[in-house]
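Attaching a single structure in structure tokens format; questions to follow.
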Amino acid sequence: MDALSEELELLPATRRALRHRIAVAQSQGRAPSVVAAVARGGRVLWEGARGSAEGRGPAGGVQYRIGSITKTFTAVLVLRLRDEGLLALGDPVEKHLQGTGVGEVTVGQLLAHTGGLAAETPGAWWERTPGLLRPGLADVLGEEPFRHEPGRRHHYSNPGYTVLGSLVEAVRGKPWGEVLRAEVLEPLGLDRTTPDPQAPHEDGWAVHPWADVMMAEPVEDLGLMAPAGQLWSTTRDLARFAEFLLRGDERVLSAETVREMRTAASPPEPGVAEAGYGLGLQLMDGGGRRLVGHSGSLPGFLAGLWLSEADDVAVVVLANCTSGLPVTAVAAELMAIVAEAEPRFPEPWRPFSGAGPVALELCGPWYWGTTAYAVRLTADGLLELGPMGAAGRTARFRAEPDGSWTGLSGYYAGEVLRAVRRPDGSVSHLDLGSFVFTREPYDAQAPVPGGTDPQGWRGIG
């Protein structure tokens, strides 16, 4: 076994702790079965099952219904359309899908649940009734589809993702399920993720709150609501999908686009999205870790898919009960077990390997006023700007052909950093969105906004 493979193997004590946690979850949550998986470094490292799923073959291959995790798959399809130039996130829905009655809402607002649409459909609860009861978007949206002004706040909307599914169908000219299979499931090898259950699969159950008895839950085809919650999947498939959401796959979406999905696109909503919502992904603080993923539920099933970029760990938990088991909390605890018992090995240091001249003249200490900053050139050719020994704004910058640098993160995302040169070609100062960074605090030889006191630095007296 090589060193890298050994680093990716979980220790026996870690495996036992994982098994113990899902055993406790299944027992205390009174779930007929619980299955879970942990992935790291692009590999599924552990799978476990407790309850009726045991003895049904590999735990990672048993299907459960995953509810709203389906929304993340739908978001991937929409972003593929965006990356192909077929639409923009700022486009009103009406531009691509006419006659909905919500046409002023933008594609991006629907992805981030900021479109102001109702949380649920009118009429009977869509999760426990046939999709045939809602044959058209008018039946899904109702006569009064809005609850809030578009763009003003995060308000989770199942009908919103139905509209996105219909948008995919309108642009592609094919059914949502067919597009999903061809463009996401097959390229990623997710052959156990399907709109309808395929054996082996678990049945969904409601467990009586005050008695140890169960009742079977109905399994309905959700019809037009399918893009919001139709899919069935396995822990193994979802662990692979989580790895894709972390690293990207050029056959589906680039690493840059999945990073965009993981970035907050709507503000936090207390009790709903404690850390905000990205594009088809929930953001959460779990035990001091920034977790990205999605929860899901349909009658008879609970699901959670979560990943920690900092720890390079993805966790999937699935159960076949309607309520009672805190799937997201269990996933966060499984994450903590791995991350704390077996911290991530840092990437090995490597030198810069880019072609052309190295921007060493920009590296080192700079001053914004009297605040000391440092500029570093990283191995991937980016400039990293951050405060020295104090809190402050940190950002990374990408080189542009004209010699400028574009901010990639934080306060300076999208802002342009330029090295301003003297007549002899040497660097006088850095200009970053009107902020002037100088080699000395308030350098009198640089165009510091407001100028500098002619008497210079002095004491009191």
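Would you calculate, for the chain, the mean residue ellipticity at 222 nm contributed by helices, counting each DSSP H stretch of 4 or more residues as -39,500 (n - 2.57) and dividing by all residues, to the nearest 500?
-6500 deg cm²/dmol
OK, next. What list do you get for 34, 252, 168 if you sort them by fewest beta carbons within 10 Å? Show your work: numbers first, answer last.
On the way: 34 30, 252 20, 168 23.
Ascending number of Cβ neighbours within 10 Å: 252, 168, 34.
Hull surface divided by four, with the convex hull built on the Cα atoms of the stretch 360-438: how many nm²?
For the stretch 360-438, the mean projected area of the Cα convex hull comes to 5.3 nm².
Could I ask something else about it? Stokes-Einstein diffusion coefficient for the stretch 51-106 at 10 °C in a medium of 1.306 mPa s, Rh from the Kirkwood formula over Cα pairs: what value in µm²/s?
The diffusion coefficient I find is 110 µm²/s.
While we're looking at this one, here's another question. At q = 0.11, 0.20, 0.21 Å⁻¹, work out log10 I(q)/I(0) for the stretch 310-461 with the Debye formula, treating every Cα as an identical point scatterer and leaving solvent out; two decimals please.
-0.62, -1.26, -1.34
Please identify every one of the chymotrypsin sites (Phe, Trp or Tyr not before Pro) in the stretch 42-149 that sits in a loop by DSSP and has no more than 12 other beta carbons within 10 Å of its own beta carbon.
125
Continuing with the same structure: Return the ratio Rg/(2.2 N^0.38 Å) for the stretch 14-138, where Rg is computed over Cα atoms only. If you can, show how the numbers build up before the last one.
Values: Rg = 20.3 Å, N = 125, 2.2 N^0.38 = 13.8 Å.
Scaled against compact globular proteins, the figure is 1.47.
Any idea what the relative contact order of the chain is, in percent, if you count C-alpha pairs under 8 Å spaced at least 6 apart?
15
From the Cα gyration tensor of the stretch 130-175, with a ≥ b ≥ c the square roots of its eigenvalues, which class applies: rounded if a/c is under 1.5, or else prolate if a/b is larger than b/c, or else oblate?
Taking the square roots of the gyration eigenvalues as a ≥ b ≥ c, the stretch 130-175 is oblate.
Any chance you could list P(r) for the stretch 247-337, counting all Cα-Cα pairs in 5 angstrom bins from zero, rounded to whole %?
3, 14, 22, 23, 20, 12, 5, 1
How big, on average over all directions, is the shadow cast by the Cα convex hull of the stretch 195-324, in nm²? Each step should come with its number before you reach the end.
Details: hull surface 39.5 nm².
Hull-based average projected area comes out at 9.9 nm².
Put one equal scatterer on each alpha carbon of the stretch 135-253, apply the Debye formula with no solvent term, and list log10 I(q)/I(0) at q = 0.11, 0.23 1/Å to two decimals.
Listed by q, the Debye log ratios stand at -0.53, -1.31.
Another question, then. Under 10 °C and 1.306 mPa s, how fast does the chain diffuse according to Stokes-Einstein, given a Kirkwood radius computed over C-alpha pairs? Answer in µm²/s, whole number.
Stokes-Einstein gives a translational diffusion coefficient of 65 µm²/s.
Please rank 457, 205, 349, fewest neighbouring Cβ atoms within 10 Å first, as an exposure proxy.
In increasing order of surrounding Cβ atoms, one gets 349, 457, 205.
Roughly how far apart, in whole Å, are the Cα centres of the stretch 243-306 and the stretch 418-461?
About 43 Å separates the Cα centre of the stretch 243-306 from the one of the stretch 418-461.
Another question about this same structure. Return, for the Cα atoms of the stretch 144-197, the radius of gyration and Dmax in Å, separated by a comma.
Expressed in Å, the Cα Rg and Dmax of the stretch 144-197 come to 14.7, 41.
Place the peptides 329-338, 218-227 in order of packing, highest mean first, counting for every residue the other Cβ atoms within 10 Å and averaging per peptide. Spell out each step's value before the answer.
Working: 329-338: 22.7, 218-227: 19.5.
Highest-to-lowest ranking by the protection proxy: 329-338, 218-227.
Let me ask something else. Need one number: convex hull volume per residue for the stretch 408-461, Cα atoms only, in Å³.
Measuring per residue, one finds 118 Å³ for the Cα hull of the stretch 408-461.
Bear in mind these aren't lab numbers, they're just calculated from the coordinates by the rules spelled out. In this text the structure is predicted, and so the values were computed from the model without any measurement. Here the Cβ is made from the backbone with ideal geometry for all residues, glycine too, and neighbour counts use every protein chain on show.
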